[in-house]
Amino acid sequence: MKSKRNLTRFTYETSAFQGWRLCLSRAGTTFVKYFPDKKFGTPKKSLAAAEAALAEIKAIIDGSKRVDGKLTPATVKKAEKLLKEAV
């Protein structure tokens, strides 16, 4: 599987982690979440979970207000909560 925009595939043989990393930067804030294959069963399932979380976080960020070009603390907190609960 090949990496996609905002989603990077990790499949190193010497690494303990194999799966997808979601990394999204907007307005000076970076959001990162790992989706391991072990937790989701297969690379396709972990990719599906990562894509779903990415779509949700983009919807939150794109629909939010900005103060001085930065995301509001409430938006950042909401996005971080979403990533923490992403299954």
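Given the options 7, 76, 20, identify the residue whose Cα lies farthest towards the positive end of the charge dipole of segment 7-85 (+1 on Cβ of Lys, Arg; -1 on Cβ of Asp, Glu).
The residue sitting most towards the positive pole is 76.
Going through the cross-link list 2/38; 33/58; 38/58; 44/70; 45/65; 2/65, which pairs have a Cα-Cα distance over 24 Å in this structure? If you can, show how the numbers build up before the last one.
On the way: 2/38 18 Å; 33/58 14 Å; 38/58 26 Å; 44/70 34 Å; 45/65 33 Å; 2/65 33 Å.
Too far apart for the 24 Å limit: 38/58; 44/70; 45/65; 2/65.
Excluding residue 30 itself, calculate the net charge of residues whose Cβ lies under 13 Å from the Cβ of residue 30, where each Lys or Arg counts +1 and each Asp or Glu counts -1. Please list the in-between numbers first.
Working: positive: 21, 26, 33, 70; negative: 80.
With Lys, Arg at +1 and Asp, Glu at -1, the net is +3.
Over 17 Å apart: what share of the alpha carbon pairs of the chain falls there, rounded to a whole percent? Could you put the intermediate results ahead of the total?
Values: 1765 of 3741 pairs.
Result: 47 percent of Cα pairs exceed 17 Å.
Using helices alone, I'd like the mean residue ellipticity at 222 nm for the chain: each DSSP H run of four-plus residues gives -39500 (n - 2.57), total over residue count, nearest 500.
Values: 3 runs with 37 residues, N = 87.
Computed ellipticity for the chain at 222 nm equals -13500 deg cm²/dmol.
Among 42, 67, 55, whose Cα sits farthest toward the positive end of the charge dipole of segment 17-75 (+1 at Cβ of Lys/Arg, -1 at Cβ of Asp/Glu, about the Cα centre)?
Toward the positive end, the furthest listed residue is 42.
For residue 10 and residue 52, what does the FRET efficiency come to when R0 = 22 Å and r is the distance between their Cβ atoms, rounded to the nearest 0.05?
On the way: r = 19 Å, r/R0 = 0.85.
Taking R0 as 22 Å, the efficiency between residue 10 and residue 52 is 0.70.
To the nearest 20 Debye, how big is the dipole of the chain about its Cα centre, given +1 on the beta carbon of each Lys and Arg and -1 on that of each Asp and Glu? Don't skip to the end; give the middle numbers.
Working: 19 positive and 8 negative charges, 18 e Å.
Once rounded to the nearest 20, the dipole reads 80 debye.
For the pair residue 67 and residue 85, how long in nm is the line joining their label points, each one 7 Å along Cα→Cβ?
Inter-label distance under the simple model: 2.3 nm.
Taken together, the values in this text are just the output of simple stated rules run on the coordinates, not laboratory data. This one's a predicted model, so the numbers in the text were calculated from it and none came from an experiment. No Cβ is skipped: glycine too gets one built from the backbone with ideal geometry, and neighbour counts run over all protein chains shown.
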